[in-house]
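Input: a single structure, listed below in structure tokens.
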Amino acid sequence: MDLHLHSMASADWKEPGATWLDWLYKCEQRGLDVVAITDHNTVAGVAQLRKEIERLQWLEAENRLRPNERRELDEYRRLGDKILVLPGFEFTATFGFHLLGIFPPETSVRQLEHILLDLHVPADRLDQGSTEVGATTDVLTAYKIIRQAGGLVIAAHANSTHGVAMRDFPFGGQTKIAYTQDPNLHALEVTDLESRSTRATARFFDGSKPEYPRRMRCVQGSDAHRLNRDPSDKNRMGIGDRVTEIKLPSTPSFRAIKAVFEANDFALTRPYRRKDEPFDHVAAVRQQGPNIVQAFHERMTRQGGRLYTILSDVVAFANTHGGTVYLGAGVNPGPPLGVEDVDGAIIELRREIESKVVPPLEVEIDALETQDRQVVRIRVPEGRDKPYCLDDSRIYLRLESDTVQAVRDEIVRLVRRALVERGELVEPAKPASAPPAEAAKGRGRGRRGGESKPASAEPAPAPAAPPAPEEPAGGEPAPVASDPEPSQNAPKVGVQIVDVRERGGIRYYTIRDLRNGASVQNVTLKSARRLWRYAISQHEQAAPKADAIQWVGDVGLVKAEKRAGKQRYDFAQRLPDGSVAIYYGVTEEGCDDPWRQFLVGQDQDDGGEASDNGNGHASDNGNGSDNGDDASDNGNGE
């Protein structure tokens, strides 16, 4: 399918004289089964095509068809039976963001124009096909209007010019989160779907980023403004030059396509390749490796506790943001082991999950083929009745690529959040003088899939840390004060020590885990998890001296070294109250500005999603298989 195609009705169409039969012939020649007509802020092209067919049908009914008209009508019917043509438009929202709205084939032109009017496209510009239509509707409202009208909502070339990933804007933050995580948005159209870069757009929005917990379906389209690729500029694509495959249960229909876009199976869409080089979904995720939303196990035997480890991952995903477990495939290079008895494995897994995970958890288990082997896949949703536990008592969470047993404070937080979401508990209101938690964090950590609002242009000031409480008489420690919210620009991965007390010769730490924003009290060096233990050991050695920190303004690099197979960084930040916060064990995935300036090696090379190379073309900076086929503006709105 190619869901982003312009026609002769777009003002910037590049092949004058082309007919609708030429357009459809090219779709047939490229082997397309599903296409969408998405002209700029107009459905005039849809109207023209339908009017031409209706004219020929009327002549047929009146027995007035000429031989050449009979041939044309027969061709329209043949092509209409072969290709599903969906009506739609490419809408220009406030600030110039481009969105695709795609609708069922039976949607009338009048209905489509009514939607454009609701989006505040001026009535006198409905037939112009121009990218410039003045002040229209904001992005989030446009998502809602298109979806409520029954359409598919896709952010056009999201990582490139006019894209909601905001590559061309000097601001982002909460606005970028809202524009790319909104529940009314079905998918992101990206220009680097085949890229292997660690900063490729599909990997950025795979649900592994703490502030982007909703995994987004990523597809690709040609954004063609001509029938054939421009021979003088390969970035100016023709029809079918960048295509997505979609797996449907039957004959293509809008309803079936929409069901896939609203499903949680991300293996149902993939970049199209020739039949002798099919895209391998399992190989692609193995290359990414384990993270907060996916885990890999070569075997599921009871011996050695492998099956229990798999069940632990299932519980951890349910308690976090959901995820996928792959069985029969490790992350080591080479062919996977596969699963010999797929049906038996699926039956056993269902039985184990039903009997050992409480409360009941609905998971989807199926098999995928990779390198002539069968791999079992368990898709785990984010649970609606947290916390989930294994064997009635063990509660697990997913942090980066690790499944860990929850400690007391994390369990309390899970329970409180579940009670709030069910309306059984009301969180106490914050004092009016305090900034909202989300604004202070600067990273939209609300309920997954919840509707976010863009932040104001002025960032909220980071709250000052409270003074350390004094020890009361008698040697007993004072109650731990509620620590302030993280600094607005804190990294999204790593840990911070926010308090330390000593009781009976043992030091008890309060750890803020930046991976989920949670603060955990009473952590000792002995009880600490791996990353926590590293932070505590570094803290106990001695705080870094200010003159040893590589400062750039109010942020700085303490040190960078490779640990546990990843480049990790210890960062420092001067806070408004004059104190210095230290962030331990930060990885590249948790670094936005201003921290990216300190990255080294491969992390530095993978400095972003597809970017603009100065000619308006999105590119991959040489870090992936870009192939030069990226959507671009080039001054004509493409």
For LEU86, the residues 5 or more places away or on another chain with a placed amide H closer than 5 Å to its own amide H are VAL35, ALA36, ILE37
So who's got an amide H within less than 5 Å of the one on ALA518, skipping anything under 5 residues away but keeping other chains? H placed 1.01 Å off N, in plane. ASP513
Of LYS247/LYS275; LYS492/LYS562; LYS26/LYS144, which ones are farther than 23 Å apart at the Cα? LYS26/LYS144
State, to one decimal in nm, how far the label point of ASP280 lies from the label point of ASP341, with both points 7 Å from Cα in the Cβ direction. 2.7 nm
Through the Karplus equation 6.51 cos²θ - 1.76 cosθ + 1.60, θ set to phi - 60°, convert the phi angles of the range 28-38 into ³J(HN,Hα) values in whole Hz; use x for Gly and Pro. 5, 4, 7, x, 7, 9, 9, 9, 10, 8, 10
For the range 232-242, what does the Karplus curve 6.51 cos²θ - 1.76 cosθ + 1.60, with θ = phi - 60°, yield as ³J(HN,Hα) per residue in whole Hz, taken in order and with x for Gly and Pro? 8, 8, 5, 6, 8, 7, x, 4, x, 7, 9
Over the range 2-286, the quotient of the Cα radius of gyration and 2.2 N^0.38 Å is 1.01
Sorted by chain and number, the residues with a modelled amide H under 5 Å from that of GLY322, at a separation of 5 or more or across chains, are GLU382, GLY383
Using mean Cβ contacts within 10 Å as the protection proxy, how do 87-96, 390-399 order, highest first? 87-96, 390-399
Of the peptides 569-576, 117-124, how do they stack up when ordered by the mean number of other Cβ atoms within 10 Å, highest first? 569-576, 117-124
Quick one: VAL600, VAL555, fewest Cβ neighbours within 10 Å first, how do they rank? VAL600, VAL555
For the range 66-72, Karplus couplings with θ = phi - 60° (6.51, -1.76, 1.60), whole Hz, Gly/Pro x: 7, x, 5, 5, 4, 4, 5
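Read-outs throughout are calculated quantities, based only on the coordinates presented, and are distinct from any laboratory measurement. Because the structure is a prediction, the values reported are computed rather than measured. Quick reminder, even Gly has a Cβ in these numbers, built from the backbone with ideal geometry, and neighbours come from all protein chains shown.
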